[in-house]
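Contents: one structure, followed by commentary.
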């Protein structure tokens, strides 16, 4: 056991030496490179690929350690395990960093990848690095371009004008989630609404399948599935046509509440609606208002929270049933991109319309009431009535022929009436909109389209792919280098041979992350994937933050269905199970600046002051000893300067200690609070385990455990050992409750520390327990386990190939049981009794306990309840 002998005395646990030796051996053995093996069950474990920002953060460490624990556990259970790694390398952050540092995004990105790769390797993850790629490499994005050109030919990729969030400083389109309080999330500039040509993928063609598919994913968190259902947003309703005075075309609105049609008192339209634009031509005030609406985001969430404002167009719509004229207003809460860009306003039964009507003194009509409720109409009532359309006692009022009908009856009545009159029709509507995949900045995959003045927009022929993004570029401000380079733009039309230009927009980076998981299965394939994909897919365990629940995870599911329909994969969904880990949070510290701002101080630079009872009484800056304020506990971030450098923790405590703390401090789906005292506690546990093993191997040899020769104390320890195997197996394999598994192993180590039996069977039992603990801990602390396995007499090996410990059912059988004894429901003592003792024996022994007898003195025992194996309850009075 050469590796161990170099450690010196049993107290000399050196994480750096242990981890270096283990990693060198794994690398030499190419231990984690895997191939397809149909003779073994496969297990594909995947954590979401990182963005190469420059350095790992603790969120990365937690995410990838979870995946590594699951991967190693599954391999020890005989699975052929794939755990790959790559880099989500395109995107605006690299571009902005490059501009700031006067370098090229490619150079900045590849440098960061090299650094982060070494950081990941230092943590000892069981990753198949032979499959690594960066999404900014042409041999990766080439196949994305091929897929896009094929989707164009099938009509699933198309170009149209769309209203977008435009950041005038970063000169790019922003997703709704990137607009915060009307400003760009990075530049802080006021966002404008612009209508520009955009490329889209027809995700709406798959809306019903995406919705139905959620029911086939029991291994996904309910919260994620609920968010996706809401985002897809299937609703049944009616398209209603309002004629407009002086106009040929009617104004169409979609509503899920046609039962409230008689309560319409005005119609609201978006600022971009053709009617609004036409009305503004002779209405300067309206034109100025429409210009004002161009600023701010286009997300539903933002429109819901902003103050409602609007302006009358001077146009009137004709109510399709009553024939009454209702005014048409432009309202800032109506989106052109959702529905028809027009909504019927029912202020009597909609909070947003109610607020708008009050502000502009527009009529309010009640058309919904509750049977038997004669209360006067007020805001509280209409909110209750409108919000719950399923109430059996809710009825239509003040609506002529519909009066007295419930929601369903009124819906069907009015829908049929409108259809008969040619003024409307039933329709299923979706909240989901087609996926806009265009971005106007440089650092992304070029969209493979050529524009010809005569032939229009054409896909680049496949034999000319990839369209390579030039990497050695210089920036002039924020303008895209490929937009500024006529030589790159100019090309030849593949159809007519005439002069043409390339598309200079690049793909949304969600494109790359929507199919990366499949590329890992087929490294070097001459296509997106090859036949190897159907061996590995779907992913058996996917791991990542719940913040990706909607966009990435929805696009990920959609792209898989595109690949399936192209004959590339056979499965319907990309991942069978999904684990969403919680955030890593840490304390914040700051000092107030003279201008009222805060100067945030890193926790590593702060010393906590405690009283004699260890209560925190303050904090000081180590550099000057002066006080600092203790802020709240928040997600680690650069803005609050409360991030902890994983590399510094690895250098100080070792990778195994960092991994162990990451898994022990909280259940994986909950937030983990970083606490260096907790890290030190994990280091003490590993040192103690190290000493326990090395002290044991320095003692005389031992025979094998003979269960028939064990005394009661030995049986008790062996039972705890096999109960621990049972619990850790369930916690790792089914529950992913790594913290409770580690806690059970700590309890077992405590029991071993108290087990002083030096008999032959005692030493044999200690050896069995220590060997088992090494195997059970291996998924979490593989370096220590690698070394201690050899110390226990085993040859040098990849420990992940050792079989996972099996539970001995006989070891779980108890000869005696401890029962609680209650008198009138209150605990008064315990008894130890043979496992096969009768109820009468249990009662007699319970009543004989001195403390129990004292509480029964002078009382009549009325009933004795014996719950076998658990409790004796004596009822007396």
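The values are calculated or read from the model by the stated rules, or taken from the named source; none is laboratory data. Here the structure is a predicted model, which is why all the values come from computation and not from measurement. Positions of Cβ are generated from backbone atoms using ideal geometry, with glycine treated the same way; all protein chains shown enter the neighbour counts.
Some observations on this one:
- Residue match in segment 676-696 (condition: surrounded by fewer than 18 Cβ atoms within 10 Å (Cβ to Cβ), touching a residue at least 24 places away in the same chain (Cβ under 8 Å), over 30 Å from residue 606 (Cβ atoms) and more than 30 Å from the chain's Cα centre (by Cα)): yes
- Within segment 528-569, the residues that satisfy the criterion of being surrounded by fewer than 20 Cβ atoms within 10 Å (Cβ to Cβ) and in a helix (DSSP H, G or I) are 534, 535, 546, 547, 548, 551, 552, 564, 565.
- Scanning segment 233-249 for residues that are surrounded by fewer than 21 Cβ atoms within 10 Å (Cβ to Cβ) and in contact (Cβ under 8 Å) with a residue 12 or more places away in the chain gives 233, 234, 235, 236, 237, 239, 241, 243, 244, 245, 246, 247.
- Scanning segment 90-113 for residues that are without any contact (Cβ under 8 Å) to a residue 60 or more places away in the chain and under 28 Å from residue 35 (Cα atoms) yields one hit, 110.
- Looking only at segment 420-460, and only at residues there that are free of Cβ contacts under 8 Å to residues at least 60 places away in the same chain and assigned by TED's automatic domain parsing to the domain that holds residue 152, the one that is surrounded by the most Cβ atoms within 10 Å (Cβ to Cβ): 450
- All conditions in (1) more than 22 Å from residue 670 (Cα to Cα); (2) surrounded by 12 or more Cβ atoms within 10 Å (Cβ to Cβ) hold for residue 636, with the sole exception of (1).
- Scanning segment 674-693 for residues that are assigned to a helix (DSSP H, G or I) and farther than 21 Å from residue 747 by Cβ yields a count of 1.
- The criterion of at least 1 residues that are at pLDDT 95 or above is met, among helices (runs of 4 or more DSSP H) falling completely within segment 1-90, by 15-29, 58-76.
- For segment 486-501, the set of residues classified as surrounded by 14 or more Cβ atoms within 10 Å (Cβ to Cβ) and either without any contact (Cβ under 8 Å) to a residue 24 or more places away in the chain or in a loop (DSSP other than H, G, I, E, B) (or both) consists of 488, 489, 493, 494, 495, listed by residue number.
- Residue in segment 705-714 that is part of a helix (DSSP H, G or I), at negative phi and without any contact (Cβ under 8 Å) to a residue 24 or more places away in the chain present: yes
- Flag if residue 441 is within 30 Å of residue 513 (Cβ to Cβ) and either modelled with pLDDT of 90 or more or part of a helix (DSSP H, G or I) (or both): no
- There is at least one residue in segment 844-863 that is outside the structural domain of residue 718 (by TED's automatic domain parsing), within 24 Å of residue 715 (Cα to Cα) and either surrounded by 13 or more Cβ atoms within 10 Å (Cβ to Cβ) or modelled with pLDDT of 90 or more (or both).
- Residue match in segment 195-204 (condition: within 29 Å of residue 145 (Cβ to Cβ), touching a helix residue (DSSP H, G or I) at 6+ places or on another chain (Cβ under 7 Å), modelled with pLDDT of 85 or more and buried (at least 16 other Cβ atoms within 10 Å of the Cβ)): yes
- Residue in segment 210-220 that is without any contact (Cβ under 8 Å) to a residue 12 or more places away in the chain, touching a helix residue (DSSP H, G or I) at 6+ places or on another chain (Cβ under 6 Å) and under 30 Å from residue 564 (Cβ atoms) present: no
- Filter pass, residue 414 being more than 30 Å from residue 392 (Cβ to Cβ), in contact (Cβ under 8 Å) with a residue 24 or more places away in the chain and touching a strand residue (DSSP E or B) at 6+ places or on another chain (Cβ under 9 Å): no
- In segment 814-821, the condition of being more than 30 Å from residue 79 (Cβ to Cβ), at pLDDT below 90 and buried (at least 16 other Cβ atoms within 10 Å of the Cβ) is met by at least one residue.
Yes/no matrix, rows are residues, columns are (1) modelled with pLDDT of 95 or more; (2) assigned to a strand (DSSP E or B); (3) touching a strand residue (DSSP E or B) at 6+ places or on another chain (Cβ under 6 Å):
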{"position": "571", "(1), (2), (3)": "yes, no, no"}
{"position": "586", "(1), (2), (3)": "no, yes, no"}
{"position": "612", "(1), (2), (3)": "no, no, no"}
{"position": "617", "(1), (2), (3)": "no, yes, yes"}
{"position": "633", "(1), (2), (3)": "no, yes, yes"}
{"position": "643", "(1), (2), (3)": "no, no, no"}
{"position": "650", "(1), (2), (3)": "yes, no, no"}
{"position": "660", "(1), (2), (3)": "yes, no, no"}
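- Taken as a whole, the condition of being closer than 30 Å to residue 75 by Cα and surrounded by fewer than 17 Cβ atoms within 10 Å (Cβ to Cβ) does not apply to residue 839.
- Any chance residue 412 is surrounded by fewer than 17 Cβ atoms within 10 Å (Cβ to Cβ) and at pLDDT below 95: no
- Search result, residues across segment 505-527 that are buried (at least 18 other Cβ atoms within 10 Å of the Cβ), touching a residue at least 40 places away in the same chain (Cβ under 8 Å), more than 18 Å from residue 551 (Cβ to Cβ) and touching a helix residue (DSSP H, G or I) at 6+ places or on another chain (Cβ under 9 Å): 518, 519, 520, 521
- Residue in segment 725-748 that is modelled with pLDDT of 95 or more, closer than 30 Å to residue 633 by Cα and not in a helix (DSSP H, G or I) present: yes
Residue by residue, here is whether (1) buried (at least 17 other Cβ atoms within 10 Å of the Cβ); (2) under 30 Å from residue 80 (Cβ atoms); (3) out of contact with any helix residue (DSSP H, G or I) (no Cβ under 6 Å at 6 or more places or on another chain) holds:
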site: 763; (1), (2), (3): yes, no, yes
site: 776; (1), (2), (3): yes, yes, no
site: 788; (1), (2), (3): yes, yes, no
site: 794; (1), (2), (3): no, yes, yes
site: 797; (1), (2), (3): no, yes, yes
site: 801; (1), (2), (3): no, yes, yes
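- Tallying residues that are at pLDDT below 95 and assigned to a loop (DSSP other than H, G, I, E, B) within segment 93-136 yields 3.
- All told, residue 512 falls short of being under 23 Å from residue 200 (Cα atoms), in contact with a strand residue (DSSP E or B) (Cβ under 7 Å, 6 or more places away or on another chain) and modelled with pLDDT of 95 or more.
- Restricting segment 114-132 to residues that are touching a strand residue (DSSP E or B) at 6+ places or on another chain (Cβ under 9 Å) and buried (at least 19 other Cβ atoms within 10 Å of the Cβ) leaves a set whose member that is farthest from residue 440 (Cα to Cα) is 126.
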